[in-house]
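Student: To start, I am sharing the structure in question, which I have written as structure tokens.
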Amino acid sequence: MSKVKVAINGYGTIGKRVADAVSLQDDMEVLGVTKTRPNFEARLANDRNYPLYGISKESVKSFEEEDLKTEGLSDSLLEAADIVVDCTPGKIGAKNKEALYIPKKLKAIYQGGEKASVGDTSFIAQVNYISSLGKDHIRVVSCNTTGLSRTLGALSSNFTIGNTRAFLVRRSADPRDSSKGPINAIIPDPLNVPSHHGPDVKTILPELNVITSAVKVPTTLMHLHSLMIELKDGTSGEDIKSLLEKTRRVKVLHSKEGFRSTAELIEYARDLGRSRYDLYENMIWEDSIIVKDSEAYLFQGIAQESIVVPENIDAIRAALELETDAEKSMDKTDKALSI
Ligand code: NAD
């Protein structure tokens, strides 16, 4: 079976993870990756044999000056690709869409830092794979929206739920990002309520009545969500636990096994031998799942750098209609990523 050729535009935190995940699939391959400047990640692309392209003549020249192997300008990469995964910083994807992808009639997957309007659809494989089939421009939603949509998608399709509230405790920066820290503060983000996450979840689950608020805290490793969900149909805590235990890309953990904080979750990812200690699953504490006065409560940990990676792989398959069965695509992705 011939593999589809995937270009990764922006080989940073998300781009390098998506490139590695693409290279693990049997129906797609990394045609090349782009970088703006010759840093350690450009060297990593060389080491992993991902053809490296510069986004400008200056980029290409700077690679050559640092003895990095380069295939030249990203234009030729995009010309030869079947699809591009845009992993550039927020808002650049929308510019690339107009300047590069539409003129080249190239299908594109975007990330959650873009406005929803960049995509013909926003995407979570478990919720809307089928309605995303064949779309030219698909936005994989942000890490927080992915985590919220997986859990709320499962609950809303199995139980009758009412008003939903989520409080997000967000990591202030990624581990690699030295420009935003250290900070010694808890920052309401944004200062006013609600935060943008609720409306973003509604791009995936439009029927849901969800309000969110968020703060940033001095940690780099994960987000933590506190969910409060009104139940309309007598659902019990046990019903919710058994549903979530069966839900794909969700892992229910037990504090008695020593999972008391995000610290142990990251240690667990290391113990599993996950590349870059990535966690692709929503990590939900079993003890936190309770129902009181027709309201469900739970805590979930979300590894911001990796949770969107399997979604990008499924979005490629949906856009190119490589697989028309959502479950089969997710089976393939999850097997390749050892989820
Ligand atoms: P990043 O800064 O780590 O990586 C972006 C890469 O794109 C860098 O290598 C940068 O040099 C390169 N780049 C910059 N301008 C470019 C251009 N014009 N053309 C090609 N490459 C260019 O950013 P990131 O964290 O990987 O974020 C990428 C996207 O993913 C954003 O939309 C972000 O909101 C979203 N996202 C990030 C996270 C996270 O935790 N980091 C989680 C989910 C979604």
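The values are calculated or read from the model by the stated rules, or taken from the named source; none is laboratory data. If you're wondering where the values come from, they're calculated on a predicted model, not measured in any experiment. Backbone-built Cβ (ideal geometry, glycine too); neighbour counts: all protein chains shown. Ligands, DNA and RNA are stripped out before the accessible areas are found, and what is left, the full protein with its side chains, is counted by its heavy atoms. Shrake-Rupley method; radii C 1.70, N 1.55, O 1.52, S 1.80 Å.
Student: In terms of Cα to Cα distance under 19 Å, which lysines are near enough to LYS5, apart from those fewer than 8 places away along the same chain?
Tutor: LYS16, LYS35, LYS97, LYS104, LYS105, LYS107, LYS135, LYS332
Student: Please name which of GLY119, ILE302, ALA154 has its Cα lying farthest along the dipole of the chain towards the positive end, using unit charges on Cβ (Lys, Arg +1; Asp, Glu -1) and the Cα centre as origin.
Tutor: In the chain, that residue is GLY119.
Student: If you don't mind, there's one more thing I want to ask. Might you work out the accessible area of TYR129 for me, using a 1.4 Å probe with all protein chains in place, and round it to the nearest 10 Å²?
Tutor: Only protein atoms counted, so the area is about 0 Å².
Student: Ranked highest first by the average count of other Cβ atoms within 10 Å around their residues, in what order do 5-18, 66-79, 301-314 fall?
Tutor: On the way: 5-18: 24.1, 66-79: 16.4, 301-314: 25.9.
Result, highest mean first: 301-314, 5-18, 66-79.
Student: Which number comes out as Rg/Rh for the stretch 157-294 once both Rg and the Kirkwood Rh are worked out on C-alpha atoms?
Tutor: 0.98
Student: Working only with C-alpha atoms, what are the Rg and Dmax values of the chain, expressed in angstrom?
Tutor: 20.0, 67
Student: Give the separation of the Cα centroids, the stretch 122-164 to the stretch 245-312, in Å.
Tutor: 18
Student: In whole percent, and with a 1.4 Å probe on the protein chains, what portion of the accessible area of the stretch 143-302 is carbon and sulfur?
Tutor: Whole-percent figure for carbon plus sulfur exposure: 51.
Student: In whole percent, what relative contact order does the chain give with Cα contacts below 8 Å and a gap of six or more residues? Could you put the intermediate results ahead of the total?
Tutor: Working: 695 pairs, mean separation 57.3, N = 339.
Once normalised by length, the contact order is 17 percent.
Student: Okay, next question. When N counts the residues of the stretch 225-339, how does its alpha-carbon radius of gyration compare numerically with 2.2 N^0.38 Å, as a ratio? Each step should come with its number before you reach the end.
Tutor: Values: Rg = 15.8 Å, N = 115, 2.2 N^0.38 = 13.4 Å.
For the stretch 225-339, the normalised Cα radius of gyration comes out at 1.19.
Student: Taking just the alpha carbons, could you work out the radius of gyration and Dmax for the stretch 168-233, both in angstroms?
Tutor: Considering the stretch 168-233 through its Cα atoms, Rg and Dmax are 14.1, 48 Å.
Student: Right, next: What's the lysine pair count for the stretch 143-302 at a Cα cut-off below 18 Å, pairs eight or more apart or interchain?
Tutor: 6
Student: Once each part is reduced to its C-alpha centroid, what is the distance from the stretch 1-36 to the stretch 178-211 in angstrom?
Tutor: Going from one Cα centre to the other spans 29 Å.
Student: If you don't mind, another one. For n ≥ 4 DSSP H runs only, could you compute -39500 (n - 2.57) per run for the chain, divide by its residues and tell me the 222 nm figure to the nearest 500?
Tutor: Mean residue ellipticity at 222 nm (helix-derived): -9000 deg cm²/dmol.
Student: Continuing with this model, one more query. Of the DSSP beta bridges with both residues in the chain, give the percent that are antiparallel, rounding to the nearest 5.
Tutor: Working: 22 of 58 bridges.
If we restrict to bridges inside the chain, about 40 percent are antiparallel.
Student: At 1.4 Å probe radius, can you tell me the per residue accessible area of the chain in Å²?
Tutor: I get 44 Å² per residue for the chain.
Student: Taking each full run of DSSP H in the chain as one helix, which ones are at least 20 Å long along their axis (Cα atoms) and have mean Kyte-Doolittle hydropathy of at least -1.0?
Tutor: Going by DSSP H runs, the hits are 143-158.
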